[in-house]
Amino acid sequence: MTARVGVVTFPGSLDDGDAARAVRIAGAESVRLWHGDADLRGVDAVVLPGGFSYGDYLRCGAIARFAPVMETIFAAARGGLPVLGICNGFQILCEAHLLPGALTRNQHLHFRNRDQVLRVESVGTAWTNVFQPGQEILIPVKNGEGCYVADPRTLDELEAEGRVVARYVGGNPNGSQRDIAAITNAAGNVVGIMPHPEHAVEALTGPSLDGLGFFTSVLKHLTGVPA
């Protein structure tokens, strides 16, 4: 049976179409979900894509976290539903308190758009299980508010519990504390990542195919069979 992965569209989402395409390339059925509809339509996993939900007129993701669909996602994620938040989706997960910490303005106050090397630190999550520990991957980053911050105790807990999923290598594009590019919750089903794996799934358009692993990982997690 084909896994069904929902991709949420908020007002201002930019990369929902790209995320849906990545899901299909990985071998799953893409299901489009609307922010104002609380029904998840029986999906097996959810992607919160990048963009500027509600124009980012408050803190990034602060309004989106109150959308009807997020109430359902919050409860489902607590019950084990795999959820991947990319860029603005990462911000939404932090605002919804599904992940700790916050994303703030890039330290240099400039928007960064470049291909970025990451080192995968944790392969025990629903979204990273096809990678190797320490594997370096190349995927695009594009953000103006991608600086991950948290209090020292939270950062130490993330480190000690193996919840730092990926770090920036070869230069930190936004000043994130401890070079953190992605984190997970304690259960490993919710992952937030600032760079864009959905833009590295095809040779024609991406700098690599490295991003595809995030989407094939969730299929392996759901089915037990490598994609």
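Summary of computed values
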item	result
Residue in region 38-60 that is farthest from Val225 (Cα to Cα), counting only those that are open to solvent by 70 Å² or more (accessible area, probe 1.4 Å) and modelled with pLDDT of 95 or more	Asp39
Options Ser30, Ser53; residue that is polar (S, T, N, Q) and over 21 Å from Thr205 (Cβ atoms)	Ser53
In region 135-157, residue most open to solvent (accessible area, probe 1.4 Å) [restricted to those that are touching a residue at least 24 places away in the same chain (Cβ under 8 Å), within 21 Å of Pro197 (Cβ to Cβ) and outside any strand (DSSP E or B)]	Glu145
Scope region 102-134; condition modelled with pLDDT of 95 or more, assigned to a loop (DSSP other than H, G, I, E, B) and not hydrophobic (A, V, I, L, M, F, W, C); matching residues	Glu121, Ser122, Gly124, Thr125, Thr128, Asn129, Gln132, Pro133, Gly134
Elements of type strands (runs of 3 or more DSSP E) contained in region 1-101, each with 1 or more residues being under 14 Å from the mean Cα position of the chain (by Cα)	4-9, 45-48, 83-86
Top-ranked residue in region 113-134 [being open to solvent by less than 50 Å² (accessible area, probe 1.4 Å) and free of Cβ contacts under 8 Å to residues at least 40 places away in the same chain; ranked as farthest from the chain's Cα centre (by Cα)]	Gly134
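The values are calculated or read from the model by the stated rules, or taken from the named source; none is laboratory data. Here the structure is a predicted model, which is why all the values come from computation and not from measurement. Quick reminder, even Gly has a Cβ in these numbers, built from the backbone with ideal geometry, and neighbours come from all protein chains shown. With ligands, DNA and RNA removed, areas are computed over all heavy atoms of the protein, side chains included. Shrake-Rupley method; radii C 1.70, N 1.55, O 1.52, S 1.80 Å.
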